[in-house]
Amino acid sequence: MSDIADNADREIDLTIRAARLLAAKPMAKGVPGECELCGEDSPRLVFNVCPPCRDKYHLK
Ligand SMILES: [Zn+2]
């Protein structure tokens, strides 16, 4: 039964590691480019949409 216990331990370990990675990740990383909705250049596009448009269209 020790193999099964080892596998369970490993899975729990991976789950914890995945959770830590997600927690450490910034919420949404902005990238520079042209907004898909208004066409304005923005230094912080998220999903190709600038912050004012995300506010306007409630894309959060
Ligand atoms: Zn925009």
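Computed quantities for the displayed model
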| read-out | value |
| --- | --- |
| Heavy-atom surface of the chain, accessible at 1.4 Å and reported per residue (Å²) | 90 |
| Separation of the ARG10 and LYS29 label points, Cα + 7 Å toward Cβ, nm | 2.9 |
| Distant-in-sequence amide H partners of LEU45 (H built 1.01 Å from N, under 5 Å) | VAL31, GLY33 |
| Distance in nm between pseudo-label sites at ARG17 and LEU59 (7 Å out along the Cβ direction from Cα) | 3.4 |
| Protein accessible area in the chain, 1.4 Å probe - carbon and sulfur % | 59 |
| Using alpha-carbon coordinates, inclination of helix 2-24 to the longest axis of the chain, degrees | 20 |
| Descending Cα extents along the principal axes, segment 2-56, whole Å | 59, 18, 16 |
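The values are calculated or read from the model by the stated rules, or taken from the named source; none is laboratory data. Predicted model, so just to flag it, every value in this text is computed and none were measured. Note: ideal-geometry Cβ built from the backbone for every residue, glycine included; neighbour counts use all protein chains shown. Areas reflect the complete protein model, heavy atoms only, side chains present, ligands, DNA and RNA absent. Shrake-Rupley method; radii C 1.70, N 1.55, O 1.52, S 1.80 Å.
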